[in-house]
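First comes the structure, then the notes that go with it.
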Amino acid sequence: MHSVLMLLNTGPIESLPSWHIDKEGASESVIKLLVECDKERIALRKALGFSSHHYPFSDHYYEDSQNEWMYGRKAHSDLGESDRWREHLEFKNHRYIVEDVRYNLALHSSIGDFCNVETPITDSLLKLIGVIVDEDFEKTGRTLEYLDLADKPLDEIMNILFEGF
C-alpha cells in the first residue's frame, strides 16, 4: 500500500520535513488507486490457489465495508488520529520503497507474469517509482527469477512456500 501512497505524495515528501502519509496522504483518489492495485494482489493470491480471507485494503479504508480488516476498524482510525507516524520520508532507501516496491511489487509483477495474471497498476508503479529512484526494479527487485523459482512449476513453488527448501 505504501508504494501508491509514496508515488502520489511525491511533492510533499520531497518538500516537507515530515509527512503523515496515512493521514495527510490518503485522500479519496489515492485510496481509490490503492484499492485497485490491491485487487491485483488478490487476483495473484487466487491464481496461486489461496482462498479467502484476502484482507483487502477496501475493508481497511472503507468504513461501510461489511468485513473487519486484519487489524480491525480501530487500527485505521487510530492510525489517522495519531501523529506518531509523522516522519521524514525519502525515496532512495526508505523502507516503503525497499520493502513495498523492491521486494513486494517486484515479486507481484513476476508472479503475475508467471501465472498470466495482468498487473498493470503494479507494473506502472514499478516503472514510475523506478524513474524517481533511478532503479530498474525488474532487474533489482525480489522476483521469481531472483529467488531462483522462475523455472519451477507452480506446484513445486507452492511446496517450497509451505515446506521450505
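The values are calculated or read from the model by the stated rules, or taken from the named source; none is laboratory data. Quantities reported herein were computed from a predicted structural model and do not represent experimental measurements. Please note: Cβ atoms are built from the backbone with ideal geometry, for glycine as well, and neighbour counts cover all protein chains shown.
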Item to check | Qualifying residues in region 18-70 (those that are farther than 27 Å from MET158 by Cβ and among the aromatic types (Phe, Trp, Tyr)) - the one modelled with the highest pLDDT | outcome: TRP19
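If I filter region 126-139 for residues that are outside any helix (DSSP H, G or I), under 18 Å from CYS37 (Cα atoms) and modelled with pLDDT of 95 or more, do I get at least one hit? Talk me through it step by step, then tell me what you get.
Narrowing region 126-139 to residues outside any helix (DSSP H, G or I): 134-136.
If we keep only those that are under 18 Å from CYS37 (Cα atoms) as well, we get none.
The answer is no, given that none of the residues of region 126-139 is outside any helix (DSSP H, G or I), under 18 Å from CYS37 (Cα atoms) and modelled with pLDDT of 95 or more.
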Checklist entry - Are there any pairs with C-beta distances below 6 angstrom linking a residue in region 11-23 that is free of Cβ contacts under 8 Å to residues at least 60 places away in the same chain to a residue that is surrounded by 15 or more Cβ atoms within 10 Å (Cβ to Cβ), with the two at least 6 apart or on different chains, and if so which? => result PRO12/TRP19
